[in-house]
Amino acid sequence: MSAILDVQNIEKHFGDTRVLEDITFSLEKGQALAIIGSSGSGKTTLLRCLNFLETPDKGRITVNGETLFDTADLSTQREEEVRRKRLHFGLVFQSFNLFPQYTALENVTLASKLLAKEQPDFKARKKQLFADIDTRGKELLAQMGLADRAGHYPHQLSGGQQQRVAIARALALSPDILCFDEPTSALDPELTGEVLKVIRSLAEQNTTMVIVTHEMAFARDVADQVIFMDGGVIVEQGPAREVIDHPKEERTRQFLARYGEN
Amino acid sequence: MEVLAVVVGALNEGFLQTLKLFVVTLLGALPLGLIISFGSMSRFAPLRWLTRTVIWVIRGTPLMLQLIILYYVPGKVLGYSPWGTGEAGRFLASAIAFIINYACYFSEIYRGGIQGVPVGQQEAGLVLGMTRRDIFFKVTLLQMVKRIVPPMSNEIITLVKDTSLARIISFQEVIWAGQAFMKTSHGYSGLLWPLFFTGIYYLVFNGVVTVLLGRLEKKLDYFR
């Protein structure tokens with residue numbers, strides 16, 4: 001199997017602070033990768049680099065053999081192409097970031113409808129295109145267990161429901177790789193289960209995912225691969241159960257022990 | 001009773017001018033303010049500083065002074081008045097001064113409203129492949145409008161009353177019409193009450209404005 005995502009030597013500074021250093025990993029299609037590590041270890045910045053919300057200072061990102069970003073190749077850094085490249089990735093935020101003025105269904109379909117307008121035959125087929133998008137949006141919400149919440153506004157939904165709408169929204173554009181940035185960290189403990197369940201079912205359907213998480217048991221069960229980060233570098237990576245149950249590095253052991261105590 | 005009808009007729013005529021200046025100022029200043037707010041948030045520093053300097057000067061000096069300068073100075077410099085001599089010229093000069101002045105105030109309200117929308121909203125739009133233009137019009141704009149209705153209401157109510165400043169260049173708005181009865185107007189002399197009566201116009205009109213803006217606020221209550 002060939003890698004769908006290949007990340008080489010990513011480096012990122014904020015001013016004088018080095019946030020990411022020599023980050024290299026790859027991910028195969030249909031696999032889930034969990035990134036673990038304490039706060040400030042660079043996990044979120046790495047995810048933001050993949051989604052082009054941050055521009056790496058060094059390195060290369062390849063998806064499906066297409067080089068999306070390469071500091072050595074200026075032609076990959078054109079601003080106008082970034083928007084198209086972002087569509088390879090979906091991102092689910094820690095704080096949901098749903099659009100408050102739109103219903104759950106509208107949140108899921110908005111971007112698809114805007115993209116549909118760029119099609120050359122949009123005017124002639126507008127009705128059909130929008131109907132198809134709405135159908136797909138409803139299917140996604142149903143898949144999230146939210147069929148009866150399509151017409152609700154975000155403030156009328158619980159945190160867990162909002163995050164599931166956000167997952168549906170990210171899936172609507174059929175990204176190659178779906179990224180999660182601590183998807184349950186902003187939720188009350190009793191609501192984390194419903195969101196983790198949805199992510200678990202996505203993993204069972206072989207959705208390619210990169211998940212930044214503090215849920216160690218979840219990472220161990222759901223992810224195929226695990227990366228442990230500390231101080232902006234990858235300390236250890238490998239199969240999930242191996243890294244979490246039998247860590248090789250001292251720093252990984254210490255981190256996991258701290259989590260075991262909590 | 002006859003005198004009341006005459007006074008009300010004259011004041012109505014004046015108030016029509018007040019209303020005209022109010023509407024034209026809003027129509028001009030609402031969009032111009034948005035453009036100025038983009039300038040004051042620009043990533044291009046010289047444009048940002050230029051815009052902020054203009055805002056500082058316009059907000060930092062009296063509107064009455066701006067009216068006088070705009071109406072009289074071009075005539076002194078050019079040797080003839082670009083505004084002409086009639087009421088139409090006075091209206092045009094007033095409208096331009098008001099639009100510039102209010103656009104600067106509005107721009108700061110817009111800026112606060114736009115910057116108050118969480119950055120996560122923009123990022124959510126970006127990762128969904130939306131253009132910056134789409135993100136502004138489809139995501140940010142309505143959230144900004146909701147935020148700025150209360151401060152905007154304040155400015156709009158002030159504008160209703162500020163239109164009276166245009167009488168400094170003899171624009172014949174409602175207070176000008178009321179004050180005329182103190183001397184002689186429409187055959188009546190030395191009447192003081194028409195001037196006070198103009199206050200009723202402002203009160204009623206601001207009542208209407210308050211109700212309308214209240215409705216808008218309520219209409220945007222469907223989301224948080």
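The values are calculated or read from the model by the stated rules, or taken from the named source; none is laboratory data. Keep in mind it's a predicted model, so treat the numbers as computed, not measured. Note that we place each Cβ from the backbone using ideal geometry, even for glycine, and neighbour counts take in every protein chain shown. These area figures cover heavy atoms from the full protein model, side chains too; ligands, DNA and RNA do not enter into them. Shrake-Rupley method; radii C 1.70, N 1.55, O 1.52, S 1.80 Å.
Annotation for B:Thr85 and A:Leu74: the two label points, set 7 Å from Cα along the Cα-Cβ direction, are 6.5 nm apart. In the protein assembly as shown, the DSSP-assigned H stretches of four residues or longer account for a calculated mean residue ellipticity at 222 nm of -18500 deg cm²/dmol, using -39500 (n - 2.57) per stretch and the full residue count as denominator.
Couplings 3J(HN,Hα) of the stretch B:139-153, computed from phi: 10, 6, 3, 5, 5, 5, 4, 4, 5, 9, 4, x, x, 5, 4 Hz, in residue order, whole Hz [Karplus 6.51 cos²θ - 1.76 cosθ + 1.60, θ = phi - 60°; x for Gly and Pro]. Could you compute the net charge surrounding A:Leu171? Neighbours are other residues with a C-beta less than 11 Å from the C-beta of A:Leu171; K and R count +1, D and E count -1. Within the 11 Å Cβ shell, the charges total +2.
Residues A:Glu190, A:Glu11, B:Glu173, ordered by accessible area of protein heavy atoms at a 1.4 angstrom probe radius and largest first, appear as A:Glu190, A:Glu11, B:Glu173. Annotation: B:Trp49 carries an accessible surface of approximately 140 Å², with a 1.4 Å probe and no ligand, DNA or RNA atoms counted.
Taken residue by residue and averaged, Cβ atoms of other chains lying within 10 Å of the Cβ of A:87-99 number 4. With a Förster radius of 22 Å applied to the C-beta separation of B:Lys183 and B:Val3, the computed FRET efficiency comes to 0.90. Take each peptide in B:126-132, A:144-150, count the other Cβ atoms within 10 Å of every residue, and average; sorted highest first, the result is B:126-132, A:144-150.
Take the accessible area of B alone and of A alone, subtract that of the pair with a 1.4 Å probe, and the total buried over both chains is about 2100 Å².
The phi-based Karplus calculation (6.51 cos²θ - 1.76 cosθ + 1.60; θ = phi - 60°) puts the 3J(HN,Hα) values of the stretch B:2-16 at 4, 5, 4, 4, 5, 5, 4, x, 5, 5, 4, 4, x, 5, 4 Hz, whole numbers, x for Gly and Pro. Distance between the 7 Å Cα→Cβ label points at A:Asp176 and A:Lys29: 1.0 nm. Put simply, the amide H of B:Ser81, placed in the peptide plane, has no neighbours under 5 Å, leaving out anything fewer than 5 places away on its chain.
Under 5 Å from the amide H of A:Leu68 lie the amide H atoms of A:Ile61, A:Thr62, A:Val63, each residue being 5 or more positions distant or on a separate chain, with H modelled from the backbone and absent for Pro and chain starts. Less than 5 angstrom separates the built amide H of A:Met229 from those of A:Ile36, A:Gly37, A:Val235, all sequence-distant by 5 or more or on a different chain.
Each residue of the stretch A:180-191 was assigned a 3J(HN,Hα) from its phi angle through the Karplus expression (A = 6.51, B = -1.76, C = 1.60, θ = phi - 60°), giving 10, 9, 6, x, 10, 5, 8, 9, 4, x, 6, 9 Hz with x at Gly and Pro. Surface exposure of the protein assembly as shown, expressed per residue as accessible area with a 1.4 Å probe, stands at 48 Å².
Quick one: with all protein chains in place, what share of the accessible area of the stretch B:40-133 is carbon or sulfur, to the nearest percent (1.4 Å probe)? Reported share for carbon and sulfur atoms: 69 percent. What accessible surface, in Å², does a 1.4 Å probe find on B:Lys138, ignoring ligands, DNA and RNA and rounding to the nearest 10? Probe radius 1.4 Å; accessible area of B:Lys138 about 70 Å².
Total lysine pairs in chain B at Cα distances under 17 Å, for residues eight or more apart or on different chains: 4.
Neighbours of A:Lys58 by Cβ distance under 15 Å: Lys/Arg scored +1, Asp/Glu scored -1, total -4. Peptides B:62-70, A:45-53, A:165-173 ranked from most to least packed give A:165-173, A:45-53, B:62-70, packing being the mean of other C-beta atoms within 10 angstrom over each peptide's residues.
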